[in-house]
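What follows is a short report on a single structure.
The values are calculated or read from the model by the stated rules, or taken from the named source; none is laboratory data. Quick caveat, the model's predicted, so the values are computed rather than measured. Positions of Cβ are generated from backbone atoms using ideal geometry, with glycine treated the same way; all protein chains shown enter the neighbour counts. In case anyone asks, the SASA skips ligands and DNA or RNA and just uses the protein heavy atoms, side chains included. Shrake-Rupley method; radii C 1.70, N 1.55, O 1.52, S 1.80 Å.
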Amino acid sequence: MDIATLVGLVVAYALVIMAMVLGGRIGIYIDIPSVLIVFGGTMGVTLMAYPLAQVTSVMSVIKNSFFYKGEDPSAVIARMVDFATRARRDGILALETAAEEVEDNFLKNGIKLAVDGTDPELVNTILETELEYIASRHKSGVGILECMGTYAPAMGMIGTLVGLVAMLQSMDDPSSIGPSMAVALLTTMYGAMLANMFALPLAGKLKERTGEEALIKTIVINGIMSIQAGDNPRIVEQKLNSYLAPAQRKSQFE
């Protein structure tokens, strides 16, 4: 579990709710019509922007913000260097058994392509294409959350205007103006909270996850290319370490 996402979500909402409680009754901040306008309206316009299948899969996208099994780039580089050492000592066919022990399907498929003697340019094309489509799927999930974050405040404003129209229709009763105005403003609050305390932060986290995964897979692709080219393991390590910040770089040859 990504503790930062969970802690951030809990702290943000806990502080807002605490402020509501300290400012008065929590019940005054609950209005069902406002909830319907903001949440229902936001989902409706999101369905207009994206296919139904993608929108219904948003829960799995959100889950990736809270649960993520990331890989350490240094560990991936160490594994690629180990493969390069085996290939240089025993031949590239020796990696066939090693590939079966790998859990990452992307790396496993790349090693198998290299072991099968596939043309290096074709191996690179296949892996790069797979990486592009992985990034495309992630981009779709981020886009859904960003869409929700964009339209939620707008739906809140629409709800506020609806409330103001209803309020102006009852101007003959001054005692109802204050409560009606409060209800009208609740939709703006709901829209702002949905966008800035849920959708947009999670979209940002998913972008970060996409970047991390793209880095890992780029390291894998270049590692396989170097192994297939017969590069010295030390050269393979230096090539792959260039993708990391100097403070993150580790060497097996020091």
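Summary of values
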read-out	value
The stretch 104-123 residues that are in contact (Cβ under 8 Å) with a residue 12 or more places away in the chain and under 19 Å from Ile77 (Cβ atoms), paired with ones that are part of a helix (DSSP H, G or I) and open to solvent by 60 Å² or more (accessible area, probe 1.4 Å) (beta carbon under 7 Å, 6 or more apart)	Phe106/Glu130
Which listed residue is in contact with a Cys (Cβ under 6 Å, 6 or more places away or on another chain), over 30 Å from Gln228 (Cβ atoms) and hydrophobic (A, V, I, L, M, F, W, C), from Ala49, Ala14	Ala49
Residue among Val183, Val165 that alone is in contact with an Asp or Glu (Cβ under 7 Å, 6 or more places away or on another chain) and open to solvent by 10 Å² or more (accessible area, probe 1.4 Å)	Val183
Residue in the stretch 170-177 that is surrounded by fewer than 18 Cβ atoms within 10 Å (Cβ to Cβ), out of contact with any Ser or Thr (no Cβ under 7 Å at 6 or more places or on another chain), touching a residue at least 60 places away in the same chain (Cβ under 8 Å) and in a helix (DSSP H, G or I) present	no
Extreme residue, most open to solvent (accessible area, probe 1.4 Å), among residues of the stretch 90-127 that are charged (D, E, K, R) and not in a loop (DSSP other than H, G, I, E, B)	Glu121
Meets criteria (modelled with pLDDT of 90 or more and of a type in the set (A, V, I, L, M)) for Ala94	no
Evaluation of Lys205 against (1) out of contact with any Ser or Thr (no Cβ under 6 Å at 6 or more places or on another chain); (2) in a helix (DSSP H, G or I) (one fails), failing number	(1)
Residue in the stretch 128-144 that is open to solvent by less than 50 Å² (accessible area, probe 1.4 Å), of a type in the set (A, V, I, L, M, F, W, C) and more than 30 Å from Ile224 (Cα to Cα) present	yes
Residue that is aliphatic (A, V, I, L, M), in a helix (DSSP H, G or I), under 30 Å from Thr160 (Cα atoms) and open to solvent by less than 70 Å² (accessible area, probe 1.4 Å), where the choices are Leu215, Leu240, Leu194	Leu194
Some residue of the stretch 18-38 being hydroxyl-bearing (Ser, Thr, Tyr) and under 30 Å from Met155 (Cβ atoms)	yes
Looking only at the stretch 1-49, and only at residues there that are closer than 26 Å to Met181 by Cβ and of a type in the set (D, E, K, R), the one that is nearest to the chain's Cα centre (by Cα)	Asp31
Meets criteria (among the polar types (S, T, N, Q) and without any contact (Cβ under 8 Å) to a residue 60 or more places away in the chain) for Ser242	yes
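Here is a yes/no grid of residues against (1) open to solvent by less than 60 Å² (accessible area, probe 1.4 Å); (2) among the acidic types (Asp, Glu); (3) at pLDDT 90 or above; (4) not in a helix (DSSP H, G or I):
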| residue | (1), (2), (3), (4) |
| --- | --- |
| Val10 | no, no, yes, no |
| Pro33 | no, no, no, no |
| Gly40 | yes, no, yes, no |
| Ser65 | yes, no, no, no |
